[in-house]
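A.B. asks: This structure is in structure tokens; I'll ask about it shortly.
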Amino acid sequence: QVQLVESGGGSVQAGGSLRLSCSASGLPISRSYTGWFRQAPGKEREGVAAIDTDGNTRYADSVKGRFTIVQDNAKNTLLLQMNNLEPEDTAMYYCAAGWLALSLARSSYYYWGQGTQVTVSS
């Protein structure tokens, strides 16, 4: 079965950094379209970063220049390096995988992880 498990979330001060990991089993991420999404209380789930099978990436404007999405193919793990974090980044973060395209849209993905909480204090 396919399983995505996020880790690396936590509480940090504004300006700090975190690295989120998504361990995948049952599918090779190197041959999948993958991405990171987040959802804050009272808001819809939004795409923040995506990467395709060729290594092309796409970022939401709100995180561009601060977040980096990376595939660690040797460990079949998807990473999200988050630098210069802001309180507005506080949310539950989810990794996702699918087969459609490089996209920040929820409808482009089929498999989802359980989420990991990121809290940024001012």
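A.B. asks: Restricting attention to region 24-34, does a residue exist that is closer than 16 Å to Ala105 by Cα and among the hydrophobic types (A, V, I, L, M, F, W, C)?
C.D. replies: Within region 24-34, the first condition is being closer than 16 Å to Ala105 by Cα, and the residues that meet it are 32-34.
Remaining after also requiring among the hydrophobic types (A, V, I, L, M, F, W, C): none.
Within region 24-34, none of the residues are closer than 16 Å to Ala105 by Cα and among the hydrophobic types (A, V, I, L, M, F, W, C).
A.B. asks: Identify the residue in region 95-122 that is under 21 Å from Thr77 (Cβ atoms) and of a type in the set (Ser, Thr, Tyr) and, among all such residues, is nearest to the chain's Cα centre (by Cα).
C.D. replies: Going residue by residue through region 95-122, those that are under 21 Å from Thr77 (Cβ atoms) are 95-99, 102-104, 108-118.
With the extra rule that they be of a type in the set (Ser, Thr, Tyr), the set shrinks to 103, 108-111, 116.
Values: Ser103: 12, Ser108: 14, Tyr109: 12, Tyr110: 14, Tyr111: 13, Thr116: 10 Å.
If we take residues in region 95-122 being under 21 Å from Thr77 (Cβ atoms) and of a type in the set (Ser, Thr, Tyr), then Thr116 is nearest to the chain's Cα centre (by Cα).
A.B. asks: Give region 54-92 a look and list any residue that's farther than 17 Å from Gly16 by Cα, open to solvent by 70 Å² or more (accessible area, probe 1.4 Å) and not in a loop (DSSP other than H, G, I, E, B), or say none.
C.D. replies: Arg58, Asn73, Ala74, Lys75 - these are the residues of region 54-92 that are farther than 17 Å from Gly16 by Cα, open to solvent by 70 Å² or more (accessible area, probe 1.4 Å) and not in a loop (DSSP other than H, G, I, E, B).
A.B. asks: Six or more apart or on different chains, Cβ atoms under 6 Å: show the pairs whose first residue is in region 35-64 and of a type in the set (Asp, Glu) and whose second is not in a strand (DSSP E or B).
C.D. replies: Asp52/Leu102
A.B. asks: Starting from residues that are part of a strand (DSSP E or B) and among the polar types (S, T, N, Q), keep the ones in region 93-122 and report whichever is nearest to Ser21 (Cα to Cα). Walk me through it before giving the result.
C.D. replies: Just the residues of region 93-122 that are part of a strand (DSSP E or B), to begin with: 93-98, 111-112, 116-121.
Pick out the ones that are also among the polar types (S, T, N, Q) and you get 116-117, 119, 121.
Working: Thr116: 9, Gln117: 12, Thr119: 16, Ser121: 21 Å.
Top of the filtered list is Thr116.
A.B. asks: For region 37-58, how many residues are under 21 Å from Tyr111 (Cβ atoms) and either in contact with a helix residue (DSSP H, G or I) (Cβ under 6 Å, 6 or more places away or on another chain) or not acidic (Asp, Glu) (or both)?
C.D. replies: Restricting attention to region 37-58, the residues satisfying the condition of being under 21 Å from Tyr111 (Cβ atoms) are 37-39, 44-58.
Narrowing the set further to residues that are either in contact with a helix residue (DSSP H, G or I) (Cβ under 6 Å, 6 or more places away or on another chain) or not acidic (Asp, Glu) (or both) leaves 37-39, 45, 47-51, 53, 55-58.
Selection size over region 37-58: 14.
A.B. asks: Name the pairs whose Cβ atoms lie under 7 Å apart, with the first residue in region 104-122 and in contact (Cβ under 8 Å) with a residue 12 or more places away in the chain and of a type in the set (Lys, Arg), the second part of a loop (DSSP other than H, G, I, E, B) and open to solvent by 50 Å² or more (accessible area, probe 1.4 Å), and 6 or more positions between them or separate chains?
C.D. replies: Arg106/Arg45
The values are calculated or read from the model by the stated rules, or taken from the named source; none is laboratory data. Predicted model only: the values in this text are computed from it and were never measured. Reconstructed Cβ throughout: ideal geometry from the backbone, glycine too, with neighbour counts over all protein chains shown. Heads up: the accessible areas ignore ligands, DNA and RNA and are worked out on the full protein's heavy atoms, side chains in. Shrake-Rupley method; radii C 1.70, N 1.55, O 1.52, S 1.80 Å.
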